[in-house]
Amino acid sequence: MSSTAGAFHQQHQPQQQSPRSPIVAAAVAAAAAIGAVSGGSAGGVVGWTNKRSPIHHLTTSQDVINQGKCLCGEYIRARLKRSGLLNRKILQRLRNSMEHCMAGSGGIGGGAVVREALPILNGMGEELERMHPRLYSNVCRQISNEPWGELTEPDTVGYLLHVVAKDLFKSGITWGKVISLFAIAGGLAVDCVRQDHADYLQQLIEGTADVIEEDLSGWLVERGGWLGLQDHVHPPQPEISVTGWVSITALTLAVIYIVSLFLRVIGSGYAEPERSTN
């Protein structure tokens, strides 16, 4: 976690010991639901099929952290656009943030990883928002101890996300919960803009990166990084080996041979009565 966020966490810990349980409980339930339908309706939203070979993309913890920052920024951009809150000033602010994280996205093809994972992440997040509109809107009021969910300091938004994430992932990590985390971050971004705190978006993105570093990086690396989301939603079809093709060919020829013998037997059976009558 960044030093400023850490200081804010220590300063506000007595006042905000834990998040309000309803949003976390609802987020866990929503994550389970989106995970259960990931191969069905969520996949239909994305409209994408996985043609990759079933191999793990070589990645490191730093890769998934930097790529996660990029994905968070892009998800926030899409969420603000869906909410009708995206303007040129905010877009430029987000682009500046994207330039910084894309420069350190790590590994060969780090930008390609973001481009491939984003449609699925955004599509499943939008599905969550559609299924649970109250959960992923007015997020600050659901989490913060402030009377109306006011964001009083820049680090507040990152801290709120951090508190929710700790409770969200304490019982385990799933792709559904990861998607739910991004959907919550998108809801917080909407709150930032509506409260005239668009300058807090950078802290929100940094806070998401802190959560990825502390809670998700090891889990993501074990699953091939963010490309593992593709394999979860659309399991890749294994390619048939040379031996497999030889076996299929031999089986096909055997079936053809057996069918031809059967037809010969039937043909000879019809020919014998004709000879006897003659």
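What follows draws every value from the coordinates through simple rules; no lab data is involved. The structure displayed is predicted, hence computed values, not measured ones. All Cβ positions, even for glycine, are placed from backbone atoms using ideal geometry, and neighbour counts span all protein chains on display.
For a 28 Å ceiling on Cα separation, which of these pairs sit above it: LYS69/LYS89; LYS89/LYS170; LYS69/LYS166?
On the way: LYS69/LYS89 20 Å; LYS89/LYS170 37 Å; LYS69/LYS166 18 Å.
Check vs 28 Å cut-off fails for LYS89/LYS170.
Under the Karplus relation 6.51 cos²θ - 1.76 cosθ + 1.60, θ = phi - 60°, what is the ordered set of whole-Hz ³J(HN,Hα) values for the stretch 178-193, x standing for Gly and Pro?
Result, ordered by residue: 4, 4, 4, 4, 5, 5, 5, 4, x, x, 5, 4, 4, 4, 4, 5 Hz.
Within the stretch 136-201, which trypsin sites (Lys or Arg not before Pro) sit in a loop by DSSP and count at most 12 neighbouring Cβ atoms inside 10 Å? Mind showing how you got there, number by number?
Working: sites: ARG141, LYS166, LYS170, LYS177, ARG194; in loops: LYS170.
Those satisfying the criteria are LYS170.
May I ask you to list the residues of the stretch 164-195 whose amide nitrogen lies under 19 Å from a point 7 Å from Cα along the Cα→beta-carbon direction of ASN138?
Of the residues in the stretch 164-195, 184-195 have backbone N under 19 Å from the label point off ASN138.
For THR252 and GLN92, calculate 0.36 nm times their separation in residues minus their Cα-Cα distance, and state this gained length in nm to one decimal.
Working: separation 160, 0.36 × 160 = 57.60 nm, distance 6.05 nm.
Here the segment from THR252 to GLN92 would lengthen by 51.6 nm.
For the stretch 76-165, which chymotrypsin sites (Phe, Trp or Tyr not before Pro) are in a loop by DSSP, counting at most 15 other Cβ atoms within 10 Å?
Working: sites: TYR136, TRP148, TYR159; in loops: TYR136, TRP148.
For chymotrypsin sites (Phe, Trp or Tyr not before Pro) across the stretch 76-165 that sit outside H, G, I, E and B with at most 15 neighbouring Cβ atoms in 10 Å, the list reads TRP148.
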